[in-house]
Amino acid sequence: DAVFITCFAKEGEKPSAALLLKSDGGQELDKLLEGQISKTIQERLFAGKEGEILSLPTFGKIKAKTVVVIGAGLQKNFSLDSLRRMGAKLVQTANALKVKNVAGQLEATRIKNHAPQERLQAFTEGAVLGDYNFTTFKKKEVPPAKTLKTFRISAKGNKTPLQKAIAQGEIVATAANLTRELVNTPPGHMTPTDLAKAAQEVAKKYKNIRCKVFGVNEIKKEKMGAILAVSQGSDEPPSFVHLSYKPAKKSKTKVALVGKGITFDSGGLNIKTREMEFMKMDMAGAATVIGVFQAIAQLKPNIEVEGFIAAAENLLSGSAIKPSDIITTRAGRTVEIINTDAEGRLVLADALDYACDQNPTYIIDMATLTGGAAYAVGEIITPILGNDKTLVDKILAAGKAVGEPVWELPIVKEYKKGYLKGPADLKNSGSGSKASTICGALFLEDFARKNKWVHMDIASTAWADEPMKYYAEVGATGNPVRTIINFLLSF
Ligand code: BES
Ligand code: ZN
Ligand code: ZN
């Protein structure tokens, strides 16, 4: 129904039909359409800018009814992420045009130091990410049905690796979309129990994933006093999840993924006075763990992976934890609750301590921990903090490769002093520094014991306040699912 071609932009003022690259079939197509595409470019109606789309009817001149030209931007800026954005744009355009079948090739969009497989994977990832909308709860006002059924990309080269690349792109982006769906689901439908069920479903679907769920009694038996304290103001019981994957060939390396699973964060008695309606996303770290497990079940990395989810609802009631209360964590360390809204670090403290007992090589915790993350590095970068440079560097590289930028912040020991004052071993807030993201990591650090550990604060990147990149709408992004998968596959 539609043929797509890509078109770079030209530096300088004057538009040129030479933009239509021969290798992509652009010039031939232009001839068949009697110069309509080049004419449009000369008339300055299309310049090949990134995100720009030109769709032209073919009036029977070729088999396909429509030609879609996707702007690729300046060639010098072109990257794998440009391809992801183009894939998303193409799928969104095809559905807007009510097209069923799309075909095209990506020969022209070569990128230095990247194999054709990488380009195909990126384009596919973008297409699948760009096709996601949160429609589960739209019943009366049915959203316009999506028409796109088949999507063909022809490429030159060895078939098997190219097909594998497309399949991998689909697996990775579908995993991110699962995470997005879990995060977008409202708190009444995504309680700690529901979140644990979502993890169990992945384990049910894939034989190589195991899942153990701890209910409130087991959590008590494990002496996870912090998880219990956070959830005690809610009618919903907490839950703790332990997922595991083992490769076919025994591996000495074991990665532990730990996710914050606050299914709703009202702040507790330190009730949030603004933007509480976004706090269904406070389980994005946990949802990332679940998405990653769905992908690794299919992509089978060479190392062991364990996933830990600390799920609770942070509400307020007659039984809620109070500022100045002192709790005992699983690690035995006591914590004075200064602010009931600093609950993420509490549930993570117990989860990290439990994860340490499994003797992991590396621990990665992911949490929507501090609003300060947005002030430190903004909406598209995830701050990372840790005690092992090699591990940090590996994740920085993985994030860069998949278009989910990560930036390292320092763990400034000086800022910890304030936490140590008061009647308990630690305070959960009020360390005396404004660097809340760094202070969050400082609180967690000890609970990872002497292990190689990093903390990713996804408070600002797990959710998009406006459509951007490949995301069609406001809502969950699935960040950093693709980063973690890339990291796990690097062993
Ligand atoms: N869940 C929030 C952090 C958050 C804020 C996530 C905005 C996403 C968007 C977290 O539990 C929280 O409330 N953190 C406090 C910590 C403070 C009390 C030490 C914060 O960032 O203000
Ligand atoms: Zn909070
Ligand atoms: Zn929170």
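List of remarks:
- When residues of region 97-114 are limited to those that are open to solvent by 40 Å² or more (accessible area, probe 1.4 Å) and under 27 Å from the mean Cα position of the chain (by Cα), the one nearest to residue 74 (Cα to Cα): 110
- Any hit, region 285-304, residues being within 15 Å of ligand 2 (Cβ to nearest atom) and either open to solvent by 10 Å² or more (accessible area, probe 1.4 Å) or in contact with a His (Cβ under 9 Å, 6 or more places away or on another chain) (or both): no
- Qualifying positions in region 328-363 - more than 18 Å from residue 285 (Cβ to Cβ) and within 16 Å of ligand 1 (Cβ to nearest atom): 335, 336, 337, 338, 339, 340
- Taking first residues from region 278-290 that are assigned to a helix (DSSP H, G or I) and partners that are within 13 Å of ligand 2 (Cβ to nearest atom) and of a type in the set (A, V, I, L, M), the Cβ contacts under 8 Å between residues at least 6 apart in sequence or on separate chains come to 279/262; 282/262; 283/262; 285/367.
- Filtering region 81-96 to residues that are open to solvent by less than 20 Å² (accessible area, probe 1.4 Å) and within 25 Å of residue 161 (Cβ to Cβ) leaves 82, 83, 84, 86, 87, 88, 90, 91.
- Against the numbered list (1) under 22 Å from the mean Cα position of the chain (by Cα); (2) touching a residue at least 24 places away in the same chain (Cβ under 8 Å); (3) open to solvent by 40 Å² or more (accessible area, probe 1.4 Å); (4) farther than 24 Å from residue 371 by Cβ, residue 197 comes up short only at (2).
- Residues that are modelled with pLDDT of 95 or more and within 16 Å of ligand 2 (Cβ to nearest atom) are absent from region 239-258 altogether.
- For residue 275: the one exception among (1) within 16 Å of ligand 1 (Cβ to nearest atom); (2) under 20 Å from the mean Cα position of the chain (by Cα): (2)
- The one condition in (1) within 14 Å of ligand 3 (Cβ to nearest atom); (2) farther than 27 Å from residue 474 by Cβ; (3) open to solvent by less than 20 Å² (accessible area, probe 1.4 Å) that residue 367 fails to fulfil: (2)
- Residue satisfying condition, being within 16 Å of ligand 2 (Cβ to nearest atom), touching a residue at least 12 places away in the same chain (Cβ under 8 Å), touching a Phe, Trp or Tyr at 6+ places or on another chain (Cβ under 8 Å) and not in a strand (DSSP E or B), within set 349, 355: 349
- Taken as a whole, region 455-462 holds no residue that is away from ligand 3 (no atom under 16 Å from the Cβ) and touching a helix residue (DSSP H, G or I) at 6+ places or on another chain (Cβ under 7 Å).
- Tabulated pairs, region 249-266, first basic (Lys, Arg), second assigned to a strand (DSSP E or B) and more than 16 Å from ligand 1 (Cβ to nearest atom), C-beta under 8 angstrom, 6+ apart or interchain: 254/304; 254/305; 254/306; 254/362
- Here region 259-271 is the region considered, the condition is being touching a helix residue (DSSP H, G or I) at 6+ places or on another chain (Cβ under 7 Å) and not hydrophobic (A, V, I, L, M, F, W, C), and the residue that is nearest to ligand 2 (Cβ to nearest atom) is 265.
- Here is the figure for region 424-456: residues that are crowded, with 20+ Cβ neighbours inside 10 Å and within 22 Å of residue 257 (Cα to Cα) total 14.
- The set of residues in region 104-142 being touching a Leu at 6+ places or on another chain (Cβ under 9 Å), part of a loop (DSSP other than H, G, I, E, B) and aliphatic (A, V, I, L, M) consists of 106, 108, 111.
- In region 424-435 there is no residue matching the filter, namely being in contact with a helix residue (DSSP H, G or I) (Cβ under 7 Å, 6 or more places away or on another chain), free of Cβ contacts under 8 Å to residues at least 60 places away in the same chain and charged (D, E, K, R).
- Condition check for residue 318: away from ligand 3 (no atom under 14 Å from the Cβ), modelled with pLDDT of 95 or more, open to solvent by 50 Å² or more (accessible area, probe 1.4 Å) and assigned to a loop (DSSP other than H, G, I, E, B): yes
- Residue within region 50-70 that is touching a Gly at 6+ places or on another chain (Cβ under 7 Å) and open to solvent by less than 10 Å² (accessible area, probe 1.4 Å) present: no
- Long-range neighbours under 8 Å by Cβ, at least six apart or interchain, first residue crowded, with 24+ Cβ neighbours inside 10 Å within region 470-491, second aromatic (Phe, Trp, Tyr): 476/134; 476/463; 477/463; 477/471
The values are calculated or read from the model by the stated rules, or taken from the named source; none is laboratory data. Predicted, not measured: the structure shown is a model, and the values here were computed from it. Because the Cβ atoms are built from the backbone with ideal geometry, glycine has one as well, and the counts that use them run over all protein chains shown. Just the protein is used for accessible areas: all its heavy atoms, side chains included, with ligands, DNA and RNA removed. Shrake-Rupley method; radii C 1.70, N 1.55, O 1.52, S 1.80 Å.
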